[in-house]
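Shown next, in structure tokens, is the structure this report addresses.
Readers should treat all values here as calculations from the given coordinates under stated rules, not as data from a laboratory. All of these numbers come straight from a predicted model, not from anything done at the bench. Neighbour counts run over all protein chains shown; Cβ positions are idealised from the backbone, glycine included.
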Amino acid sequence: MSHVTTHDPELDNLLGDEAINHPERYYARLRKINPILWNPRWKGWVVTGYEPVMSGFRDAERLSSDRFSGPFGAELRNAQSSSQQLLGFLSKFFVWKDPPYHTRARALVNRAFVPRNIERMRPRIQGLVRDLVKPYMDGQPFDFLSQFAFTLPVIVISEFLGVGDEAREDVRAWSEDLGAVIFVRGHDDEKLKRGEAAMRNLAALMRPIVQSRIESPRDDVLSALSQPDENGERLSEDEIIANAALMVFAGHETTMNLLANGIVAFHNFPKQWELLRANPDLARTATEEILRFDGPIRALGRWAKESFDFHGQQIEAGERVLLVQHGANRDPAAFKDPDTLDITRWPNRHAAFGQGIHTCLGAPLARLEVVEALGYLASQFRSIEVTTPKLEYNPTMVSRSLKELQVRFHAQ
Ligand code: HEM
């Protein structure tokens with residue numbers, strides 16, 4: 001059976017200017033042709049409809065997340081053959097694994113994400129938001145991305161994990177370098193070398209902390225990861241370190257980009273900012289709406305472990321599937337006026353945190369950070385002005401991330 005395609009090589013370019021800088025237009029064009037399309041250029045299926053994206057996330061039985069076997073494995077091994085140590089750590093990330101390893105590691109980490117532990121971060125987050133904004137109260141322009149959006153989550157996740165303050169600046173730099181490898185911002189040797197060095201440094205920092213948590217556990221994520229599960233089995237030291245690094249990375253890159261994308265959304269819909277200012281309680285639904293409207297992850301990959309019919313398309317074993325969350329979140333079949341930012345939208349069952357067994361574990365923490373940040377910014381500033389003349393996004397298929405975001409906040 002022949003696959004359904006766009007018959008347009010230009011439209012198949014998932015890294016072209018249209019896809020990278022105008023995803024709402026681009027994914028809508030694909031969805032109109034068919035919500036599930038074969039992309040000969042990427043050699044995989046591109047899914048842009050809400051229903052198939054969500055059901056794809058739920059179908060972990062047939063759609064694998066494993067990056068180290070199947071088609072992704074071969075690609076990764078070729079691209080990163082020079083960085084075996086990095087690969088060794090990445091291959092332990094539970095987000096890139098299927099059960100049973102995934103189930104075991106997730107259950108261990110999950111222990112630390114109890115509501116009490118999250119809620120405990122609230123006053124700290126409130127304090128950080130105020131401190132980070134203070135230098136810009138006078139309306140001078142600054143890079144929101146590096147000065148605010150990056151710093152807040154990286155401090156929060158380091159503290160949540162239980163990594164000390166002294167290492168914060170290092171963690172920040174390494175996490176940036178690791179991000180370049182994980183979110184595939186190019187595969188050049190220089191980046192890979194830096195990613196590898198970052199992982200080595202992060203591992204060296206964490207190893208003694210992990211060893212001390214194994215001996216005397218505290219109430220933090222590293223301790224949770226270090227303890228035996230109910231069968232008395234413990235993750236290896238390297239597995240603990242790898243998954244702590246996953247958390248550092250997952251905890252900041254996404255939240256940072258969400259904050260930045262949210263600022264751009266409010267800049268483009270100033271009436272919604274006024275509405276939030278008048279009703280600070282809307283910070284919660286506003287957070288869900290920016291997750292939907294311009295969430296930090298565009299799309300996530302899976303591959304088929306067996307051949308099956310997927311919403312009318314025949315997917316063959318071994319084929320790759322790209323679940324495009326941005327496509328799902330702007331699907332008119334799931335959301336009324338999907339291209340309009342509406343901070344009162346409710347319910348808002350967006351795809352930004354995924355679905356099924358891999359659903360974002362850090363969602364409550366991310367929500368807390370963004371709700372507190374939005375609430376405070378709205379209480380202080382009458383308007384937000386984006387001063388970067390032309391916004392440019394990093395050319396990756398996975399993340400929706402700005403290269404920079406110069407802003408000016410106008411106080412009351
Ligand atoms: C706005 C911010 C965030 C977004 C949009 C986001 C989104 C996601 C998504 C879509 C997944 C599913 C991946 C998949 O199915 O392949 C995921 C998984 C994950 N996220 Fe987040 N995330 C955010 C923040 C965070 C934070 C703050 C943390 C940690 C503190 C975190 C930790 C994780 C972990 C550990 C997983 C793996 C879960 C698993 O595989 O079972 N995330 N995230």
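What percent do you get for the relative contact order of segment 17-411 when only Cα pairs under 8 Å and 6+ apart count?
27
Full extension from Arg122 to Ile33: what is 0.36 nm times the residue separation minus their Cα-Cα distance, to one decimal in nm?
Roughly 27.5 nm would be gained on extension.
In whole Hz, with x marking every Gly and Pro, tabulate ³J(HN,Hα) for segment 267-273 from phi via Karplus 6.51 cos²θ - 1.76 cosθ + 1.60, θ = phi - 60°.
Those phi angles translate into 4, 7, 10, x, 5, 5, 5 Hz.
What distance in nm lies between label points placed 7 Å from Cα along the C-beta direction at Glu404 and Leu391?
Going from the Glu404 label point to the Leu391 one covers 1.7 nm.
Could you sort the peptides 318-325, 209-216 by per-residue average Cβ neighbour count (10 Å cutoff), highest mean leading?
Those peptides, ordered most packed to least, come out 318-325, 209-216.
Amide H of Arg382: which non-local residues (sequence gap of 5 or more, or other chain) have their own amide H closer than 5 Å, using H built in the peptide plane?
Excluding prolines and chain starts, which carry no amide H, the hits are His410, Ala411, Gln412.
All other residues with a Cβ under 11 Å from the Cβ of Leu276 taken together, and with Lys, Arg as +1 and Asp, Glu as -1, what is their net charge?
Net of charged neighbours comes to 0.
At what distance in nm do the modelled label points of Arg104 and Ser383 sit from each other, each positioned 7 Å from its Cα along Cα→Cβ?
It works out to 5.8 nm between the two label points.
Going down the list Lys191/Lys403; Lys336/Lys390; Lys92/Lys193; Lys32/Lys271; Lys97/Lys305; Lys134/Lys191, which pairs span over 22 Å between their C-alpha atoms?
Too far apart for the 22 Å limit: Lys336/Lys390; Lys32/Lys271; Lys134/Lys191.
What is the Cα coordinate range of the chain on the first, second and third principal axes, sorted by size from largest, in whole angstrom?
Computed over the Cα atoms, the extents are 62, 54, 40 Å.
I need the calculated FRET efficiency for the pair Ser236 and Val114, taking r as the beta carbon distance and R₀ as 25 Å, to the nearest 0.05.
Computed FRET efficiency for Ser236 and Val114 comes out at 0.55.
If packing is taken as the average number of other Cβ atoms within 10 Å across a peptide's residues, how do 110-122, 191-203 rank, most packed first?
My ranking of the peptides, most packed first, is 191-203, 110-122.
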